[in-house]
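The numbers here are math on the coordinates, done by the rules we state, and not lab data. Just so we're clear, the structure is a prediction, and the values are computed from it rather than from any experiment. Heads up, the Cβs are rebuilt from the backbone with ideal geometry, glycines too, and the neighbour counts pull from every protein chain shown.
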């Protein structure tokens, strides 16, 4: 019997095409799985791409913060500006630093009086290909800066934005770490010396002059080191001169002369903090000067015993000469309105404060000799300076004990047989005249390199982030 007959005889129905159906079922299933896998991987790739672009935009914004922070920290804002002037100054200095640079793609900073745009249009590139870009918009609230930093990834519109506030902070300077610091050349001759009182290194010299020979030491000794900003400068000194506590030329050149040092900030000067207390006007013959102002053009000469208490304000252009015995417990300052120095034969000629006699100078808060009287109640807080006269030549040819504070002048000269201890530093503001210490003059520096600057002396301001002001905002 045939097999088909056998199937019929037992009642079985033949099933044809089952394998094909199963194959098609599996094909559909595997196709669905493949499509699902494709969709999943495509979605995952898109999500990863979006995440990467978003993180790249976030990274660009964070880089923009560091870029802005760096440039705002390098500003040198002079004191006393109104808020409007302050914002103008910030724009001007950022413009000077950034216009035409690679970061700006050769472009410029935009400014409309209320907003500073970096750049004026478009975005700054953070890399050569421009895959990361950033734009910064700065506005102000009072004297605070409010910055909005928007980062994005290339040509994609995906962006992340951060708002950060900046507030003013005072610049510092290492200028008071030097015994004698001058914008001009420094020259010593004869038997003159510059020494540190308790620390020999404080008897140091700094010159920021760019001339080829900014420092010439032909006096007897400089107990500290010599520093010059000009990296190619030649520092001249005599055969038997002691510098840094040695006369060995090899040691001096190797260890005690420093070239190409960073230029410290020289101070901004505002003597109004002192001038407000100079309420009495000088008259001819006056020998006790308590909170006195000397009007412009008076040109007084003091030849006898003179007592100075509190603030002595020298107004306008004057030549003030002390030839007798001077007892000073206070500070001598020039007014902000004093004219700029006239230079002749290497000296300031129109504005001069000179001492040719004997000087006893004590700080205003000297506990051994307190200033008595209500007129000195606030004045006694103005400590740390002996002379602040940035438009004047200060000439010391007399003998001093310990001068209770720093000397800041357009030009500083010391000579003859003068000697004295300066409880601070000597700072010369002019670069077109020389600081000279001649004859047998002995300058002893008792400075401690303090950052507790005398009143009226500041080094400008910069901007620093306000703690806690970081805020992520919606990107435009």
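Axis angle, to the nearest 10 degrees, between helix 18-73 and the longest C-alpha principal axis of the chain: 10 degrees. Descending by average beta-carbon neighbour count within 10 Å, the peptides 201-210, 318-327 line up as 201-210, 318-327, the highest first. Put the Cα centre of segment 210-235 next to the Cα centre of segment 422-476 and the gap is 21 Å.
If you take every DSSP beta bridge fully contained in segment 175-458, what fraction is antiparallel? Give it as a percent rounded to 5.
5 percent
Here the calculated FRET efficiency for residue 345 and residue 240, from their Cβ-Cβ distance with R0 = 35 Å, stands at 0.75, rounded to the nearest 0.05. Here the simple spin-label model places points 7 Å from the Cα toward Cβ, and for residue 469 and residue 191 these points are separated by 6.0 nm. Roughly what % antiparallel, to the nearest 5, for the DSSP beta bridges in the chain? The answer is about 30 percent antiparallel. Hey, for a label at residue 163 modelled as a point 7 Å past Cα toward Cβ, could you say which residues of segment 104-120 have their backbone N under 14 Å away? Under cut-off, by backbone N: nothing. Tell me the relative contact order for segment 390-456 as a rounded percent, counting alpha carbon contacts under 8 Å between residues six or more apart. Relative contact order for segment 390-456 comes out at 31 percent. In this rough spin-label picture, where each label sits 7 Å from Cα along the Cβ direction, the residue 70-residue 377 distance is 5.2 nm. Put simply, the Cα atoms of the chain extend 156, 54, 43 Å along their principal axes, the longest span coming first. Could you please state, rounded to a whole Å, how far the C-alpha centre of segment 171-205 is from the C-alpha centre of segment 357-413? Cα centres, segment 171-205 to segment 357-413: 19 Å.
If you line up the long axis of helix 83-98 against the longest principal axis of the chain, both from Cα atoms, how many degrees apart are they, to the nearest 10? Result, in degrees: 70.
Treating r as the C-beta distance of residue 170 and residue 115 and R0 as 41 Å, the FRET efficiency rounds to 0.95.
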